[in-house]
Each structure stands twice: as C-alpha cells, then as structure tokens.
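Notes to accompany the following structure.
Values quoted throughout were computed directly from the atomic coordinates according to the rules given, and no laboratory measurement underlies them. Keep in mind the model is a prediction, meaning the values are calculated, not measured. So basically every Cβ, Gly included, is an ideal-geometry build from the backbone, and we count neighbours across all protein chains shown.
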Amino acid sequence: MSRFPEARLRRLRQSAPVRSIARETSLEARQLVLPMFVREGLAEPSPIGSMPGVVQHSLDSLKKTASDAAEAGLGGVMLFGVPEVRDAIGAGADDPKGVLNVATEALVAEVGDALVVQTDLCLDEFTDHGHCGVLSDSGAVDNDATLERYESMALAQARAGSQLLGLSGMMDGQVAAIRGALDAEGFHDVLLLAYSAKYASAFYGPFREAVDSQLQGDRRTYQMDPGNRREGVREALFDQDEGADIVMVKPAMGFLDVLREVRDAVDVPVWAYQVSGEYAMVEAAAANGWIDRRGAILESLMSIRRAGADAVLTYWALEAARLRS
Ligand code: PBG
C-alpha cells in the first residue's frame, strides 16, 4: 500500500466553485424569517442598546422594513408588540386596537401577498408582571386560565389578518386549545407554529430590553430546563399531535442536538429561533474586532440549517439574505 492516500477528500475542497457545488446545506432567503418589534406611540424607530442594528419600530418604519423583507425574498416576518400600558391579564393582547393587532393589519395590507405575516402569541409583552400567562392567587402562572386568554388573543390576531401564530407561551395544551378556537370561528387557514422546545434561557436577555419586559424572576415553571433533550422531543411530538403545522426549537445554537432529534422525530416542518443573545454575542465580539462578523453570521445560520431547521428566525435575516453563500 502506498504511503499516500488513494481517497482524497480535499479534492472536493480545492476551489470555490467545487466547494459550492459540493455543499450539502443551502441557505436561502425564503428560509429566513425576520423578527420585528413595533412599539405603540413611537414616531421614529428607537435603537435597542443590546442589539446593535435592531430597533423598536414605529408603524411607518415597520412597514418600510417589511417591504424590504419582501423585496429581499424572505420567507416571513414575525411581529412582536410593545404596548404603552400593561395590566395583570394583558388586555392589550386581544384588543383589536392593541399595538400588535393594529400593526398586523397594516403589514398584511402592505406585504401579505409577498411573504408570511406572523405574530407572536404570548402575554408577556402585555402583562404588568411580565409573565407569559395570567397568575393565580398564589402568584403561580395558571395554565388553563392562560389558555382562555390565548384563545381570545388568537382570534384577535386572526381577525387582524395574521397568517401564522407563533405560540411561544409554553402552556400545556396551547396548540389544541388555539386550533379549536380558530376552527370554531372558521379560521381554518391560519397556521400554527408551536415553540415546542423552548428553553428557559439566559440568551433571551437582550430581547427583554427590546420589549421593555417587566419580568421579575424567571420562567422556569413553564419554559424547559436546558439539561433536557428527551423532553424537547416529547414536547414536539405532543404539539404535532395537537395540530401544530410547524414546530420550533429555541434558542438555536446551544440546542442543535435537540433540533436534530426533533427533525428526525416529527413529520411537520421544524424551525429554529436564533435568539437575541446569540445575535448580541456575535455583534459584540465583531465590534471589538475579535471575530469575523460576516463569517460568524453565515456559519451560525448554516449550522442551524445543517442541524435540521427548515427555516430560521434571525435578526440577521435581511442581511443574511444578501450575504448568502
Ligand atoms: C416570549 C418570547 C421571548 C422571546 C421570543 N418570544 C422571551 C422569553 O421567552 O422570555 C425571546 C426571543 C429572543 O431572545 O430573541 N414572548
């Protein structure tokens, strides 16, 4: 046997065109969803300190950015509302005049034919205690009372024209409850994205600034423990059975193993959310000259796709659609 190799894997790496034709994973604009924040009463967009390049939008800047997203060929935009007033039950969430519902209506009119207009369905932006549900007398998050609020919120969002509801609250039975409420009112075509394996993560830190979160404490009685892999798969299977059209794993980079297992376990599309802390880490390191920003963005997104995500929510969606390959 020759001391030189017969099989030469480097042959497939020799030039940019060869590497390109040999690449197993693609990253396309249509696979990217841009999360956007819209703040009630804002005249001009307002920067978010811990997320350089991301803003709280005014209604006008929201529409403009959504048009850019459509122009860039993105798969969708995911809307989060930041209300002026909050209360114990999150009344702004299912008020047709609430910031999220008003913005949804405007966006559907603007870009509803070009991409999928999506809305976050959760109470945390609307409650004065910052939890994703309503509280019982003991101060615990009340699962079933919260489901009733979610049903009402789902109907308000569907009436505003939302094409896909992002169920991010992590209440048990939320997919079935919301599907039932929508179907009863004839909203059979509204898609449900279940944040199935949503972990109680420190990487949501910058998002809390983005939505002016009022949360004291943590969400560990409803979001998952980062040590659990099997439970993530179980959540995804439950949600698929309850009628989720798409399931999600969140955050992305720290949970690529869960993403792969979920991808192998379900038949519905699987999405991943590259969250605010993942964004902030790369931006901060790049701002210090410690990391190649473009390379890190593309590599992180490619890794999430490789692990099994059919689509990715990312604050870099617009930029990545242009950077691609
Ligand atoms: C809940 C929600 C959160 C995020 C998306 N939806 C916050 C949380 O669960 O605490 C975080 C997204 C991010 O960090 O980018 N409505």
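Amide H to amide H, with H built 1.01 Å from N, Val33 comes under 5 Å of Val312, Leu313, Thr314, counting only residues 5 or more places away or on other chains. Extending 7 Å from Cα along the Cβ direction at Ala284 and again at Glu110 yields two label points whose distance is 3.1 nm. Each residue, Arg10 and Glu71, gets one label point 7 Å from its Cα in the Cβ direction; the gap between the two is 4.5 nm.
Sequence-ordered 3J(HN,Hα) estimates for the stretch 47-56 from the Karplus curve with 6.51, -1.76 and 1.60 and θ = phi - 60° stand at x, 9, x, 8, 10, x, x, 10, 10, 7 Hz, glycine and proline given as x. Taking every DSSP bridge with both residues inside the chain, close to 10 percent are antiparallel.
Under unit Cβ charges (Lys, Arg +1; Asp, Glu -1), what dipole magnitude, rounded to 20 debye, does the stretch 1-127 have relative to its Cα centre? Before the final figure, lay out the partial values.
On the way: 13 positive and 18 negative charges, 300 e Å.
That gives a dipole near 1440 debye.
Based on DSSP H segments of at least four residues, each scored -39500 (n - 2.57), the chain has a per-residue ellipticity at 222 nm of -11500 deg cm²/dmol. Label-to-label distance, Asn228 versus Arg294, with points set 7 angstrom from Cα along the beta-carbon direction: 4.3 nm. With K and R counted +1 and D and E -1, the other residues having a Cβ less than 14 Å from that of Arg230 yield a net charge of -3. Lysine pairs in the chain whose alpha-carbon atoms fall under 27 angstrom of each other, counting only those eight or more residues apart or on distinct chains, come to 4.
How do Ser58, Ser276, Ser67 line up, fewest other C-beta atoms within 10 Å first?
Numbers: Ser58 19, Ser276 25, Ser67 14.
Ascending Cβ contact count within 10 Å gives the list Ser67, Ser58, Ser276.
If packing is taken as the average number of other Cβ atoms within 10 Å across a peptide's residues, how do 16-24, 167-175, 41-49, 231-239 rank, most packed first?
Numbers: 16-24: 9.8, 167-175: 22.9, 41-49: 13.7, 231-239: 20.1.
With the highest mean Cβ count within 10 Å placed first, the list reads 167-175, 231-239, 41-49, 16-24.
Multiply the residue separation of Ser213 and Thr25 by 0.36 nm, subtract the distance between their alpha-carbon atoms, and state the gained length in nm to one decimal. Intermediate results must be reported in sequence, preceding the final value.
Numbers: separation 188, 0.36 × 188 = 67.68 nm, distance 3.65 nm.
Extending this stretch completely gives an extra 64.0 nm.
Among residues other than Leu182 with Cβ under 11 Å from its Cβ, the summed charge is -2 (Lys and Arg +1, Asp and Glu -1).
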